[in-house]
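These notes are about the structure you will find just below.
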Amino acid sequence: AQSVTQLGSHVSVSEGALVLLRCNYSSSVPPYLFWYVQYPNQGLQLLLKYTSAATLVKGINGFEAEFKKSETSFHLTKPSAHMSDAAEYFCAVSMNTGFQKLVFGTGTRLLVSP
Amino acid sequence: GAVVSQHPSWVICKSGTSVKIECRSLDFQATTMFWYRQFPKQSLMLMATSNEGSKATYEQGVEKDKFLINHASLTLSTLTVTSAHPEDSSFYICSARERGLRNEQFFGPGTRLTVL
């Protein structure tokens, strides 16, 4: 079975600081990995995805994530936080046989202070 | 492109009534649609997967007679919560998977259901 673990239900950073949101996965087969962002009372927006191509994946809004097989990790980073980045972030995993069922982590709320 | 809409965006109903939520892919054909449920401050839990023209596949623990899913066309899926009770109050989100090369799920904005 596949699963993802997001360490830290809340992460607080100052505006301009580095953002690091952690995600570790468990999968018996090579996975597809995703990061989604959710703003209050809205659906999910895809930030980026890993589909077995480049291990460093660049997404929208300046976010990127690196797939590290040896660490079973897919951490999300952004060099400089902006106030508008405050939201809930979800890591998700799927089998690499197509974008079938997504299994989501519990989410990390990013708080950005001025 | 790849826009998914949901209607209504929020609904309040009395206990015992049924509520229908629509999920539409506006600019693409969705061979598969997914329905998720999200409790406050929690993650999304997949409820069911529906393929156009066939019966939905429900996840373990989801009552198929309570949560009726219909995927009648390549652009529309509906979720009907039958005989709703307060414990059914939640945020329901659908996603659609596009037919063709872009094998990705696109999410709707969600529907907030409150059962009194």
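A few comments on the model shown:
- Considering the conditions (1) part of a loop (DSSP other than H, G, I, E, B); (2) out of contact with any Leu (no Cβ under 9 Å at 6 or more places or on another chain); (3) within 14 Å of another protein chain (Cβ to nearest Cβ); (4) farther than 15 Å from B:Q42 by Cα, A:L46 is excluded by exactly one of them, (1).
- The set of residues from the stretch A:49-68 being free of Cβ contacts under 8 Å to residues at least 12 places away in the same chain and either closer than 18 Å to A:T106 by Cβ or outside any strand (DSSP E or B) (or both) comprises A:A53, A:A54.
Conditions (1) of a type outside the set (D, E, K, R); (2) more than 20 Å from B:E59 (Cα to Cα); (3) away from chain B (no Cβ under 14 Å), marked per residue:
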position: A:K78; (1), (2), (3): no, yes, yes
position: A:H82; (1), (2), (3): yes, yes, yes
position: A:Y89; (1), (2), (3): yes, yes, no
position: A:S94; (1), (2), (3): yes, no, no
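- Of all residues in the stretch B:28-72, those satisfying the criterion of being within 19 Å of A:G107 (Cβ to Cβ) and of a type in the set (A, V, I, L, M) are B:L44, B:M45, B:L46, B:M47.
- The stretch A:74-114: number of residues that are farther than 20 Å from A:P40 by Cα, at pLDDT 95 or above and surrounded by fewer than 20 Cβ atoms within 10 Å (Cβ to Cβ): 4
- Of the residues in the stretch B:95-103, at least one is small (G, A, S) and at positive phi.
- Scanning the stretch A:16-43 for residues that are at pLDDT 95 or above and outside any strand (DSSP E or B) yields A:G16, A:A17, A:L18, A:R22, A:C23.
- Close pairs (8 angstrom Cβ cut-off, 6 or more residues apart or separate chains): closer than 23 Å to B:E52 by Cα in the stretch B:68-91, part of a helix (DSSP H, G or I) anywhere: B:V81/B:D88
- Of all residues in the stretch B:51-66, none that is under 16 Å from B:S95 (Cβ atoms) has its Cβ atom under 9 Å from the Cβ atom of a residue that is among the acidic types (D, E), 6 or more apart or on another chain.
- One residue alone among B:S50, B:S89, B:S77, B:S9 is within 21 Å of A:Y36 (Cα to Cα) and surrounded by 14 or more Cβ atoms within 10 Å (Cβ to Cβ), and that residue is B:S9.
- Single residue of the stretch B:20-44 satisfying the filter (of a type in the set (S, T, Y) and assigned to a strand (DSSP E or B)) that is farthest from the other protein chains (Cβ to nearest Cβ): B:S25
- Test: residue in the stretch B:11-19 that is assigned to a loop (DSSP other than H, G, I, E, B) and among the hydrophobic types (A, V, I, L, M, F, W, C): no
- Condition met for B:L116 (loosely packed, with under 15 Cβ neighbours inside 10 Å, among the aliphatic types (A, V, I, L, M) and within 19 Å of B:K14 (Cβ to Cβ)): yes
The values are calculated or read from the model by the stated rules, or taken from the named source; none is laboratory data. All values derive from a computational prediction rather than experimental measurement. Every residue, glycine among them, receives a Cβ derived from its backbone with ideal geometry; neighbour counts consider all protein chains shown.
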